[in-house]
1. Give me the net charge for the shell around residue 212: Cβ to Cβ below 11 angstrom, other residues only, Lys and Arg +1, Asp and Glu -1.
2. Quick one: Karplus J couplings for segment 199-216, per residue in order, coefficients 6.51, -1.76, 1.60, θ = phi - 60°, nearest Hz, x for Gly and Pro?
3. Pairwise over distinct Cα atoms, reciprocal of the mean inverse distance: report the Kirkwood radius of segment 2-251 in Å, one decimal place.
4. Quickly work out the residue 266-to-residue 372 label distance, labels modelled 7 Å from Cα along the C-beta direction, and quote it in nm with one decimal.
5. Order these by the 10 Å Cβ neighbour count, fewest first: 343, 384.
6. Between beta-carbons, use under 13 Å as the cut-off and find the net charge around residue 324, counting Lys and Arg +1, Asp and Glu -1.
7. Would you mind calculating the gained length between residue 344 and residue 233 on full extension (0.36 nm times residue separation, minus the Cα-Cα distance), in nm to one decimal?
8. Can you list residues whose amide H is under 5 Å from residue 104's amide H, if they're 5+ apart or on another chain and H is modeled 1.01 Å from N?
Amino acid sequence: MVYFIVRILVNAVALLLTLFLLPGLGIYLPATEYVIIFVIAVFVYGAVFAFLNWLLWPPLLVLTGQFVVWTYGLFLVVINTLIFYAATSDIWEQSTDDTLRLMVVSPPIWLWVFLGGLLMTALLFVFEGITGLDSPLQNWSNRRRPYWRFLGKLTFGGRNFLAENLRIAESLDTIQRYVREIIFANSPFAPVRRFFQRIIYWRRKPIVSTSTAQTVRYMLQDLGPTFVKLGQIVSSRAEQLPADWRAELAQLQSQVLPFPTAEAEAIVARELGQPISALYAEFDMEPLAAASTAQVHKAVLPGGQKVVVKIQRPDIDVTVRADLNVMRDLTRVTERRFEWARHTDLSGIMDEYADNILLELDYTNEAYNGRVLAENMRIFPNIHVPDIYGKLSTPGDDAGICQGREDHQRGSHRRGRVGPHRTGDNLYACDRETGALRWLFSWRPTSRQRACQPGNRQHHLLGYGDDGRLEHGKTAGDGRPDLVTGGR
């Protein structure tokens, strides 16, 4: 209730200021003779504008999202003008009863309506920032949107324009919420904003960040896996960033908020056709770790084998594909208009980024690479590659067995680096995607702490690529090894 009162007040004040500030717009003076009626009318039309903005903005943006991309957001001005016209046309058009008029408009009418919509949008941005309206909320990104499963079926010719436009609308809404937080939380209006947030969101907690870097991290998490991946790429090349930015972006490697376990159970049941109770003797409801595209749970099979189940985030295939298609469109438009973009092969970079993400979303590729690696490592008796349970794996759900002690830990690595952790007779490394400790090798240390060394051969850093082959000295794209053997 408080939210709607503040919303109507903000819209009424913005409308009045728009009429006062623009010379082509003005208040119809006879209407001011009835002060009470005039004040009530202003609040009524403020409520009308708020309602139309809530009603028309999302569908208009969903229908015209591609135009927003092609015009780099300038088409949003057209949308704002249409909403302003729809909200105010009744109060400035000629009427048989002048008492119904609240404002006057000078010719050319469309010019002043356009400027009125532009100015009122700017004023609303400021007032909403000061009063904390539509603040980003904690755990808001984890809310389930059931319509994505339906939208995923509306693909035509490899594109789903409705889903893409909807993602544009959601992304713009998320970005403007956080941009206001960054601007006004660090301004003299910050105490006023916090006051209104306490009375508006008394049942839900708005995000109160301690730095701009932290706010940007929250924003990337709210925007979804595609943008978290971008943040991860930046964090792996963050040497030139300030220390606080490096620390915040590094958390995107493994400290992403998990989605509810109930949804994880539903996904496993839907993918494998049976409830979790029938598939596993034990299933840990608390995620072992969570990352941008998935989270992992410890479980025990009916035969007693301890496994780790990797579960993809809900509806990620639809949202990520929509995001990537929008980004591809944006890069193509940029290349057509700017020579620097063509010289840097912006679309080629984007295509490689998109292809890698889509490849990662299909867990059958990960399972295949694991099997190829296991075959390649058969010649090393002291190296064990976990089994992949094909019958318990689908493109969106993966189960692998961890041999050795069950000593997986959360948060045991820093910045997503792959590093060895010796537990008993086993060597573990941090999973680059989830941050969970995973096996590397059976560890039989000698007095000189050498692992898996036939004869006097010294093992160095090793890595395996997307095809599951080992290559001496090869590292991942961020310069960190994927596999580590013990060395001198």
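1. Values: positive: 217; negative: 181, 244, 248.
Once all neighbours under 11 Å are counted, the net charge is -2.
2. For segment 199-216, the Karplus-derived couplings read 8, 7, 10, 6, 9, 10, 9, x, 6, 10, 8, 9, 7, 5, 4, 5, 4, 5 Hz, x marking Gly and Pro.
3. Values: mean 1/r = 0.0490 Å⁻¹.
Answer for segment 2-251: a Kirkwood hydrodynamic radius of 20.4 Å.
4. 3.6
5. Values: 343 9, 384 18.
In increasing order of surrounding Cβ atoms, one gets 343, 384.
6. Details: positive: 159, 167, 229, 321, 328, 332; negative: 164, 317, 323, 329, 351, 352, 355, 360.
Net charge around residue 324: -2.
7. Working: separation 111, 0.36 × 111 = 39.96 nm, distance 1.80 nm.
This chain segment gains 38.2 nm when fully extended.
8. Hits under the 5 Å cutoff: 26, 27, 28.
Coordinate-derived values only; no laboratory data. None of these values were measured; they are calculated from a predicted model. Because the Cβ atoms are built from the backbone with ideal geometry, glycine has one as well, and the counts that use them run over all protein chains shown.
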